[in-house]
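Working notes, beginning with the structure itself.
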Amino acid sequence: MTGAGLTLEVLKQQGVDTIFGYPGGAIMPLYDAIYDSEVKHYLCRQEQGAAFAALGYAKASGKVGVCMATSGPGVTNLITGLADATADSVPVVAITGQVATPLMGTDAFQEIDVLGLSLAVTKHAFQVTDVEELELTLQKAFQIAISGRPGAVLVDIPKDIQLAAVKMKSILLKPFALPEVEPDAIEQARKLLELSKKPMAYVGGGVSLGGAVTELRDFLKCTGIPSVSTLKGLGAAGTSDDYLGMIGMHGAKASNLAVQSCDLLIAIGARFDDRVTGKLSEFAPDAQVIHLDIDPAELSKLKLADVSVLGDFKQTIPALEMKLNIEDWRQHCSAMSQEFRYQYVSNSDNPLTTIDAPSMLNELSQKLPENTVVTTDVGQHQMWVAQHMRFNEPRNLLTSGALGTMGFGLPAAIGAQLSRKEDCVVTVTGDGSFMMNIQELGTIKRFALPVKILLMDNTKLGMVRQWQRLFFEQRFSETDLSDNPDFVKLASAFDIVGETISSPAEVSAGIQRMLNATGAYLLHVKINEDQSVWPLVPPNTANQSMLEE
Amino acid sequence: MKQHRLTIIADNQPTMLEQLLRVTRYRGFKVVSLSMQVSQQADSASLQLTVKSERSISLLLNQLLKLVDIKQVNEDLTIAESEPIVLQQSEPEQLLTEAMVTTNNIPAQA
Ligand SMILES: Cc1ncc(C[n+]2csc(CCOP(=O)(O)OP(=O)(O)O)c2C)c(N)n1
């Protein structure tokens, strides 16, 4: 067999049946092998779209996402998606074509220094220069992508290696063993828990990545500890009453205040991102910290932990279970949660002429079929989704958290739909972000994917404009999009049915028509250009000092 | 500012040295000296790297150990080279904090 054939065999061995990509000169032998392979290839319309589709596929299913691109510009287009996957710890394997080995290093046509380019945004990158190494390298790529804290891994395969004859050895590498849990750490953590009067669980994306959602919920239930979540942790804690909502810059008031006043913060699969902590030195100022993670480099990276618990969440979380006597604190948290709850105005009785975005998303959330996957882009609409929609499972919300990449939503929805064909997939996007990977409407058309698109159009780069309004004296530099295309017409050019709504009275029926549609659907919603996301903790400010409407 | 002398054992892969230096730079450490010897079979390498920074060395050690090609990192020696440059507060954790939050003037999610 050839190197190309072997590559596809390894993919099959790894259980991969779906890949996203875009062909070109240096990867033609691999595409020739794909031509009659069982592995199904989905052609996206730009390599960034392929990378995000792989990411969406991986995040929604828990499997590894695979994408492919040719050398040079194919790779450079992939890079943003790989950076996003690594930053959000999503397992993605990228396979790229390279010019033939004798040409490497000569600035050949479409040659680029792939390793130089990708090492900074992946967990690791390989370049195969001997076909005998190909199988082991591909196996290692999968092993690294899924082990411990997941991430993107790139394998660059020169054209002559794809064409070279090779025998398969059928190596199969398993994920690396996770670090042993230290009993001492558990004991110390339990001591802190026992002494705490006001404990708070701060839940990040790691819990879901570590497959420990059930363990987390059992722990929260057994201990009665209230919880808050990061953007990526949304859905992990479920819908219990002790869950207070998102924390951080656009976090719920009750969540932020509760964290600021807790005496013990239990960070679980979270990394004290500046968007979460606000001014770090004033974050949870009275709290001792227990930090649970699988990545030793995250422990005490930003906030010194009193107890660091390294290891598999499936072991470490249950090891902390105990009954606690914290009724006063629980009641305090739940009273705050009640008091600061967002007051939704039902769109049908909204006396205003413009649609209230939070209320619309709240209604959407209630109407979604069970197990719907929601993907978002980046901006105000993303924060409104995080604040006003409820998720039962972390895998049902796909959003670009750490990198905040506009253009994520549409291709991620494509990947999600292909990994969960029976489930409804809705992407909530903004008029700025939608245009960043608009070419992927072509992918939706080609594969007749029933993706629902809810486009919140404020004719602005809303989030940046909000900051200009608040912090740059209303100098609205380059954030106007009032000459947007006719989005419904645009969708219709890809055979996607769509409609525009602009008044509150149209919201309920619009949402219903979108959800009832059997195929793809665009619900183009015109919203007020001046609506802001509240609350907002200004940068480098303590989380209790939030600005409100 | 402190200097730290590290001894590193690594797989002698083409990506190794680049990764080592990239992570050292990105995490806020300056290279003071570097030497490397490759094993007889050319498959492994041992390196002596001296770095300096205001940041805690554990930050770098943890990140280096995550690199696929790096097998072992030991800190042999710490030398206080000169008085630390105090930013605002003097706790080491605060130093890191101040240095890390300077990117905060960018729009949310930007
Ligand atoms: C690729 C990329 N470029 C720029 C930004 C900076 N940015 C963050 S939010 C935003 C505005 C997004 O506008 P839109 O998609 O219309 O969403 P809205 O905020 O209006 O809901 C921009 C430009 C980004 N996050 N990603």
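The values are calculated or read from the model by the stated rules, or taken from the named source; none is laboratory data. All figures in this text were calculated on a predicted structure; none of them were measured in a lab. Every residue, glycine as well, gets a Cβ built from its backbone with ideal geometry; the counts of neighbours run over all protein chains shown. These area figures cover heavy atoms from the full protein model, side chains too; ligands, DNA and RNA do not enter into them. Shrake-Rupley method; radii C 1.70, N 1.55, O 1.52, S 1.80 Å.
Residues of segment A:471-506 being of a type in the set (Phe, Trp, Tyr) and within 16 Å of the ligand (Cβ to nearest atom), which ones?
A:Phe471, A:Phe472, A:Phe476, A:Phe487 - these are the residues of segment A:471-506 that are of a type in the set (Phe, Trp, Tyr) and within 16 Å of the ligand (Cβ to nearest atom).
Just need a number here: residues in segment A:356-402 that are within 13 Å of the ligand (Cβ to nearest atom) and at pLDDT below 95.
0
For segment A:353-379, what are the residues that are within 14 Å of chain B (Cβ to nearest Cβ) and out of contact with any strand residue (DSSP E or B) (no Cβ under 7 Å at 6 or more places or on another chain)? Steps first, answer last, please.
Initially, segment A:353-379 is screened for residues within 14 Å of chain B (Cβ to nearest Cβ), giving A:376-379.
Scanning segment A:353-379 gives a single hit, A:Val378.
Could you go through segment A:71-88 and let me know if any residue there is on the phi > 0 side of the Ramachandran plot and assigned by TED's automatic domain parsing to the domain that holds A:Ala26. Let's see the steps before the verdict.
At the first step, the residues of segment A:71-88 found to be on the phi > 0 side of the Ramachandran plot are A:72.
Filter again for assigned by TED's automatic domain parsing to the domain that holds A:Ala26, leaving A:72.
Yes: segment A:71-88 contains one or more residues that are on the phi > 0 side of the Ramachandran plot and assigned by TED's automatic domain parsing to the domain that holds A:Ala26.
A:Lys279: within 14 Å of another protein chain (Cβ to nearest Cβ) and over 22 Å from the mean Cα position of the chain (by Cα), yes or no?
Here the answer is yes, as A:Lys279 does meet what is asked.
Being open to solvent by 30 Å² or more (accessible area, probe 1.4 Å) and acidic (Asp, Glu) is the filter here; which residues of segment A:421-433 pass it?
Within segment A:421-433, A:Glu422, A:Asp423 meet the criteria.
In segment B:4-23, what residues are assigned to a strand (DSSP E or B), among the β-branched types (Val, Ile, Thr) and either within 14 Å of another protein chain (Cβ to nearest Cβ) or open to solvent by 60 Å² or more (accessible area, probe 1.4 Å) (or both)?
Going through segment B:4-23, the residues assigned to a strand (DSSP E or B) turn out to be B:4-11.
In the following step, the residues that additionally are among the β-branched types (Val, Ile, Thr) were identified as B:7-9.
Selection gives B:Ile9 alone.
Quickly run through segment A:131-158 and pick out the residues that are in contact (Cβ under 8 Å) with a residue 24 or more places away in the chain, open to solvent by less than 70 Å² (accessible area, probe 1.4 Å) and within 25 Å of A:Leu103 (Cβ to Cβ).
Correct list: A:Val131, A:Leu134, A:Glu135, A:Leu136, A:Leu138, A:Ala141, A:Val153, A:Leu154, A:Val155, A:Asp156, A:Ile157, A:Pro158.
Can you find a residue in segment A:252-270 that is within 14 Å of chain B (Cβ to nearest Cβ) and either assigned to a loop (DSSP other than H, G, I, E, B) or surrounded by 21 or more Cβ atoms within 10 Å (Cβ to Cβ) (or both)? Break it down stepwise before answering.
The first filter runs over segment A:252-270 and keeps only residues within 14 Å of chain B (Cβ to nearest Cβ), leaving none.
No, segment A:252-270 has no match at all.
Counting just the residues of segment B:47-71 that are among the polar types (S, T, N, Q) and open to solvent by less than 30 Å² (accessible area, probe 1.4 Å), which one comes out nearest to A:Asp295 (Cα to Cα)? Walk me through how you get there before you give the answer.
Applying the first criterion (among the polar types (S, T, N, Q)) to segment B:47-71 yields B:48, B:50, B:53, B:56, B:58, B:62-63.
When the remaining residues are screened for being open to solvent by less than 30 Å² (accessible area, probe 1.4 Å), the result is B:50, B:53, B:63.
Values: B:Thr50: 25, B:Ser53: 23, B:Gln63: 10 Å.
It comes out as B:Gln63.
Output the number of the condition that A:Met436 fails; it satisfies all remaining conditions of (1) open to solvent by 10 Å² or more (accessible area, probe 1.4 Å); (2) part of a strand (DSSP E or B).
With (1) open to solvent by 10 Å² or more (accessible area, probe 1.4 Å); (2) part of a strand (DSSP E or B) applied to A:Met436, the lone miss is (2).
Taking segment A:194-208, which residues are aliphatic (A, V, I, L, M) and open to solvent by 10 Å² or more (accessible area, probe 1.4 Å)? Reasoning before the result, please.
Let us first name the residues in segment A:194-208 that are aliphatic (A, V, I, L, M), namely A:195, A:200-201, A:203, A:207.
Result: A:Leu195, single match.
Name the single residue that is nearest to the other protein chains (Cβ to nearest Cβ) among those in segment A:290-310 being open to solvent by less than 10 Å² (accessible area, probe 1.4 Å) and either out of contact with any helix residue (DSSP H, G or I) (no Cβ under 8 Å at 6 or more places or on another chain) or closer than 21 Å to B:Arg27 by Cα (or both). Working first, answer last.
First pass over segment A:290-310, keeping only residues open to solvent by less than 10 Å² (accessible area, probe 1.4 Å): A:290-292, A:295, A:297, A:307, A:309.
Those left that are additionally either out of contact with any helix residue (DSSP H, G or I) (no Cβ under 8 Å at 6 or more places or on another chain) or closer than 21 Å to B:Arg27 by Cα (or both): A:295, A:297.
On the way: A:Asp295: 7, A:Ala297: 4 Å.
Among residues in segment A:290-310 that are open to solvent by less than 10 Å² (accessible area, probe 1.4 Å) and either out of contact with any helix residue (DSSP H, G or I) (no Cβ under 8 Å at 6 or more places or on another chain) or closer than 21 Å to B:Arg27 by Cα (or both), the one nearest to the other protein chains (Cβ to nearest Cβ) is A:Ala297.
Restricting to segment A:513-545, and then to whatever is over 19 Å from A:Asn347 (Cβ atoms) and touching a His at 6+ places or on another chain (Cβ under 9 Å), can you tell me which residue is farthest from the other protein chains (Cβ to nearest Cβ)?
In this case the residue turns out to be A:Pro535.
Tell me which residues, restricted to segment A:439-470, are away from the ligand (no atom under 14 Å from the Cβ) and either aromatic (Phe, Trp, Tyr) or touching a Ser or Thr at 6+ places or on another chain (Cβ under 8 Å) (or both). Give the steps one after another, and end with the answer.
Residues of segment A:439-470 away from the ligand (no atom under 14 Å from the Cβ): A:439-452.
If the condition is that a residue be away from the ligand (no atom under 14 Å from the Cβ) and either aromatic (Phe, Trp, Tyr) or touching a Ser or Thr at 6+ places or on another chain (Cβ under 8 Å) (or both), then A:Phe447, A:Leu449, A:Pro450, A:Val451, A:Lys452 are the ones that fit.
So that you can scan it fast, the table gives a plain yes or no per residue for (1) in the same structural domain as A:Phe434 (by TED's automatic domain parsing); (2) open to solvent by less than 30 Å² (accessible area, probe 1.4 Å); (3) among the β-branched types (Val, Ile, Thr):
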site: A:Met322; (1), (2), (3): no, yes, no
site: A:Pro351; (1), (2), (3): yes, no, no
site: A:Thr354; (1), (2), (3): yes, no, yes
site: A:Leu364; (1), (2), (3): yes, yes, no
site: A:Thr376; (1), (2), (3): yes, yes, yes
site: A:His381; (1), (2), (3): yes, yes, no
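When you check B:Gln48 against the structure, is it in contact with an Asp or Glu (Cβ under 9 Å, 6 or more places away or on another chain), at pLDDT 95 or above, farther than 20 Å from A:Ser281 by Cβ and assigned to a strand (DSSP E or B), yes or no?
It is true that B:Gln48 is in contact with an Asp or Glu (Cβ under 9 Å, 6 or more places away or on another chain), at pLDDT 95 or above, farther than 20 Å from A:Ser281 by Cβ and assigned to a strand (DSSP E or B).
Can you name the residue in segment A:452-497 that is part of a helix (DSSP H, G or I) and more than 13 Å from chain B (Cβ to nearest Cβ) and, of all such residues, is surrounded by the fewest Cβ atoms within 10 Å (Cβ to Cβ)? It would help to see each step written out before you state the result.
Going through segment A:452-497, the residues part of a helix (DSSP H, G or I) turn out to be A:462-471, A:487-492.
Keeping just the survivors that are more than 13 Å from chain B (Cβ to nearest Cβ) gives A:487-492.
Numbers: A:Phe487: 19, A:Val488: 16, A:Lys489: 9, A:Leu490: 18, A:Ala491: 23, A:Ser492: 13.
If we take residues in segment A:452-497 being part of a helix (DSSP H, G or I) and more than 13 Å from chain B (Cβ to nearest Cβ), then A:Lys489 is surrounded by the fewest Cβ atoms within 10 Å (Cβ to Cβ).
May I ask you to verify whether A:Leu418 is more than 15 Å from the ligand (Cβ to nearest atom), within 25 Å of A:Pro539 (Cβ to Cβ) and either β-branched (Val, Ile, Thr) or open to solvent by 10 Å² or more (accessible area, probe 1.4 Å) (or both)?
Numbers: more than 15 Å from the ligand (Cβ to nearest atom): yes; within 25 Å of A:Pro539 (Cβ to Cβ): no; either β-branched (Val, Ile, Thr) or open to solvent by 10 Å² or more (accessible area, probe 1.4 Å) (or both): yes.
Considered against the rule, which asks whether it is more than 15 Å from the ligand (Cβ to nearest atom), within 25 Å of A:Pro539 (Cβ to Cβ) and either β-branched (Val, Ile, Thr) or open to solvent by 10 Å² or more (accessible area, probe 1.4 Å) (or both), A:Leu418 comes out as no.
Which residue is nearest to the ligand (Cβ to nearest atom), if the candidates are limited to segment A:327-355 and must be of a type in the set (D, E, K, R) and within 30 Å of A:Gln544 (Cα to Cα)?
Initially, segment A:327-355 is screened for residues of a type in the set (D, E, K, R), giving A:327-328, A:330, A:339, A:341, A:349.
Keeping just the survivors that are within 30 Å of A:Gln544 (Cα to Cα) gives A:327-328, A:330, A:339, A:341.
Details: A:Glu327: 41, A:Asp328: 40, A:Arg330: 35, A:Glu339: 28, A:Arg341: 23 Å.
Checked segment A:327-355; the qualifying residue nearest to the ligand (Cβ to nearest atom) is A:Arg341.
Being of a type outside the set (Ser, Thr, Tyr), open to solvent by less than 20 Å² (accessible area, probe 1.4 Å) and more than 17 Å from the chain's Cα centre (by Cα): is that true of A:Met389 here? Before you say what the answer is, go through the steps one by one.
Values: of a type outside the set (Ser, Thr, Tyr): yes; open to solvent by less than 20 Å² (accessible area, probe 1.4 Å): yes; more than 17 Å from the chain's Cα centre (by Cα): no.
Judged against the criteria, A:Met389 is not a match.
Got at least one residue in segment A:235-245 being within 14 Å of chain B (Cβ to nearest Cβ) and part of a loop (DSSP other than H, G, I, E, B)? Before the answer, list the steps.
The initial filter retains those residues of segment A:235-245 that are within 14 Å of chain B (Cβ to nearest Cβ), namely none.
No, there is no match, as no residue in segment A:235-245 is within 14 Å of chain B (Cβ to nearest Cβ) and part of a loop (DSSP other than H, G, I, E, B).
Which one of these is over 20 Å from B:Leu59 (Cα atoms), in contact (Cβ under 8 Å) with a residue 24 or more places away in the chain and in the same structural domain as A:Gly206 (by TED's automatic domain parsing): A:Ala305, A:Ala270, A:Ala284? Give the derivation first.
On the way: A:Ala305 fails: over 20 Å from B:Leu59 (Cα atoms); A:Ala270 fails: over 20 Å from B:Leu59 (Cα atoms).
It is A:Ala284.
For segment A:229-249, indicate whether the set of residues that are on the phi < 0 side of the Ramachandran plot, over 22 Å from the mean Cα position of the chain (by Cα), modelled with pLDDT of 95 or more and open to solvent by less than 10 Å² (accessible area, probe 1.4 Å) is non-empty.
no
Report those helices (runs of 4 or more DSSP H) wholly inside segment A:12-129 carrying at least 2 residues which are buried (at least 24 other Cβ atoms within 10 Å of the Cβ). So that I can check it myself, show each step before the final result.
Values: elements: A:28-34, A:47-61, A:73-87, A:114-118.
Because the criterion is at least 2 residues that are buried (at least 24 other Cβ atoms within 10 Å of the Cβ), the helices (runs of 4 or more DSSP H) in segment A:12-129 that meet it are A:47-61, A:73-87, A:114-118.
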